[in-house]
Amino acid sequence: MIKVPFNDLARHHSAIRCEIDNAIKSVIDHSAFVRGPHVEAFEAAFSKLTHQEYTVSCSNGTTSLYIALRALGAGNGDEVIVPGMSWISTSETVTQTGAKVVFCDISPETHVIDIEALENAITPRTVGIIPVHLYGHPAPMKKIMEIAAKHSLWVVEDCAQAHLAMIEDRMIGSFGDVASYSFYPGKNLGAMGDAGALTTNSSTLAIHMTKLARHGGLTKGQHEIEGLNSRLDGIQAAILNVKIPYLKEWTNKRRRVAARYLNSLVKLDPERLKLPSIEPLCNPSWHLFVVKTNKRAELIRHLNRSGIQSVINYPRALPFLQCYADRNHRAEEFPNSYNLQESCLSLPIFPEITDHEIELVVSALNSW
Ligand SMILES: *Cc1c(COP(=O)(O)O)cnc(C)c1O
């Protein structure tokens, strides 16, 4: 029997169900199904939320990455550096532009791109870097931007797991040229279907990305360039508009859950169970709470017996996915990414998790 679910979207939505029903009704009343006033309101609200000048809404977070890469000119003969551990969107969209994905290893502590590995991966063909704020922990953006400036590279921040994560008093997504967001239902800010967005402070990039997302033109009938159909649905925008005012509170709740896990589990032997580390001055969004253990199968069985769901994010690091098998990457090339794939386990963390459920997780881990 499940006592603590990994996530519970039904619980998440029940508190705001009435507002969401009304928002959907309003979209139907206005027949505003693709773009329209709800999408425009969303773009304005999201720019305000993320402290960026422009938001370009898209149909999902994967296509938003692709649009950013195209707008920045990635293509044949170019190399783009991507961290060894992420969701496949980060690398597959690079290949889709014609550019070559170059993987680089991650930090063994925070699991975001490793600065030394990043510098070693740069070649004369490198044009850009896609740091991923994995699990909601900020990548070291100040150092990344210094390296990018030194080598004249662009930077696209993959913020799909990191809405409202901060480095000092600065929001992630405000460091690079463009930031890419996903609103997949399970993300910290989730729609009820697929949705995504890009943010930037560059009006040139904003206009170019808008054109790419809308068949190459800003007005109907105009096609200055070839683009994509990557418009945001009115219903998804209206749902996101309901949720945006709650996001700060939900993020703070995730932070409190993480703090409780960290405080209650400090006494565990780190050789047996390694807790997530937080870099000084970073305030993660805690999309996931990922522990590491060499006895993962045993821990999963123990948690299952206690009715606690856990998930492996992700079972394979990017270089070792089947789709990159022709590259024959070896574990020794990306030791920290490989170690994470072998040892990571995500514990339940969501804004609505109860004190009792947190205690069940803590006591199950303490009795392991
Ligand atoms: C979810 C996710 C994406 C892709 O977003 P979709 O909206 O599912 O297309 C991209 N990068 C990372 C790191 C993600 O977690």
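Segment 17-85: which GluC sites (Glu not before Pro) are DSSP loop and have at most 14 other beta-carbon atoms within 10 angstrom? Write down the numbers at each step before the final one.
Values: sites: 19, 40, 43, 53, 79; in loops: 53.
The qualifying sites are 53.
With contacts defined as alpha carbon pairs under 8 Å and 6 or more residues apart, what's the relative contact order of segment 6-112 in percent?
Working: 84 pairs, mean separation 19.5, N = 107.
Relative CO of segment 6-112 lands at 18 percent.
Counting only C-alpha contacts under 8 Å and six or more residues apart, can you give the relative contact order of the chain as a whole percent?
Details: 755 pairs, mean separation 83.6, N = 368.
Averaging sequence separation for qualifying contacts and normalising by length gives 23 percent for the chain.
Using the C-alpha gyration tensor of segment 61-171, what are the square roots of 5 times its eigenvalues, in whole angstrom, with the largest one first? Don't skip to the answer; put the middle values down first.
Values: eigenvalues 80, 51, 33 Å².
After scaling each eigenvalue by five and taking roots: 20, 16, 13 Å.
Return the FRET efficiency for the residue pair residue 248, residue 31: r is the Cβ-Cβ distance, R0 is 35 Å, and the value is rounded to the nearest 0.05. If you can, show how the numbers build up before the last one.
Details: r = 32 Å, r/R0 = 0.92.
Taking R0 as 35 Å, the efficiency between residue 248 and residue 31 is 0.60.
Step by step: find N for segment 178-287, compute 2.2 N^0.38 Å, then divide the Cα radius of gyration by it. What's the final number?
Working: Rg = 19.6 Å, N = 110, 2.2 N^0.38 = 13.1 Å.
Normalised Rg, Cα atoms only: 1.49.
If I model segment 1-144 as equal point scatterers sitting on the Cα atoms and use the Debye formula, what is log10 I(q)/I(0) at q = 0.10, 0.15, 0.20 Å⁻¹?
-0.52, -0.96, -1.21
Where does the charge balance sit around residue 60 when Lys and Arg score +1, Asp and Glu -1, over other residues with C-beta under 14 Å from its C-beta?
Numbers: positive: 187, 231; negative: 92, 158, 194, 233.
So the environment of residue 60 carries a net charge of -2.
Using the 2.2 N^0.38 Å rule of thumb for compact globular proteins, work out how segment 227-368 stacks up: its C-alpha Rg over that value, please. Present the calculation step by step, with values, prior to reporting the outcome.
Numbers: Rg = 18.3 Å, N = 142, 2.2 N^0.38 = 14.5 Å.
This ratio for segment 227-368 stands at 1.27.
Kindly give Rg over Rh for segment 242-310, based on alpha-carbon atoms, with the Kirkwood expression for the hydrodynamic radius. Write down the numbers at each step before the final one.
Numbers: Rg = 14.4 Å, Rh = 13.9 Å.
That ratio is 1.03, to two decimals.
Could you give P(r) for the chain, binned at 10 Å from zero, as whole percent values over all Cα-Cα pairs?
Taking all Cα pairs of the chain, the binned fractions are 5, 24, 32, 25, 11, 2, 0 percent.
Under a crude label model (7 Å from the Cα following the beta-carbon direction), how far is residue 45 from residue 9 in nanometres?
Here the modelled spin labels are 1.9 nm apart.
Tally up the carbon and sulfur contribution to the accessible surface of segment 193-245 as a whole percent, 1.4 Å probe, everything protein left in place.
Values: 1170 of 2320 Å².
Within segment 193-245, the accessible surface is 50 percent carbon and sulfur.
Net charge near residue 329, counting Lys/Arg +1 and Asp/Glu -1 over other residues with Cβ under 13 Å of its Cβ? All intermediate terms of the calculation are to be shown ahead of the outcome.
On the way: positive: 316, 327, 330; negative: 105, 326, 332, 333.
Its environment carries a net charge of -1.
If Lys and Arg each add +1 and Asp and Glu each add -1, what is the summed charge of the other residues whose beta carbon sits under 13 Å from the beta carbon of residue 269?
Details: positive: 267, 272, 274, 292, 295; negative: 271.
The answer is +4.
Which value, in Å², gives the accessible area per residue of segment 289-335 when a 1.4 Å probe is used on the protein heavy atoms?
Working: 2630 Å² over 47 residues.
Computed with neighbouring chains in place, this is 56 Å² per residue.
Give, rounded to the nearest 20 debye, the magnitude of the charge dipole that the chain has about its Cα centre when Lys and Arg contribute +1 at Cβ and Asp and Glu contribute -1 at Cβ.
Working: 36 positive and 38 negative charges, 137 e Å.
Dipole magnitude for the chain comes out near 660 debye.
Past 23 Å, Cα to Cα, is the threshold; run 100/150; 274/295; 142/292; 48/243; 267/292; 25/248 against it and keep the listed order.
Working: 100/150 21 Å; 274/295 11 Å; 142/292 27 Å; 48/243 14 Å; 267/292 15 Å; 25/248 26 Å.
Among 100/150; 274/295; 142/292; 48/243; 267/292; 25/248, the Cα-Cα distance tops 23 Å for 142/292; 25/248.
Just the number, please: percent antiparallel of the DSSP beta bridges in the chain, rounded to the nearest 5. Write out the running numbers ahead of the final one.
Values: 22 of 37 bridges.
Of all bridge pairs located within the chain, approximately 60 percent are antiparallel.
Dividing the alpha-carbon Rg of segment 30-101 by 2.2 N^0.38 Å yields what?
Working: Rg = 15.1 Å, N = 72, 2.2 N^0.38 = 11.2 Å.
Output field value: 1.35.
The values are calculated or read from the model by the stated rules, or taken from the named source; none is laboratory data. Quick caveat, the model's predicted, so the values are computed rather than measured. Cβ coordinates were reconstructed from backbone atoms using ideal geometry, including for glycine residues, and neighbour counts include every protein chain displayed. Heads up: the accessible areas ignore ligands, DNA and RNA and are worked out on the full protein's heavy atoms, side chains in. Shrake-Rupley method; radii C 1.70, N 1.55, O 1.52, S 1.80 Å.
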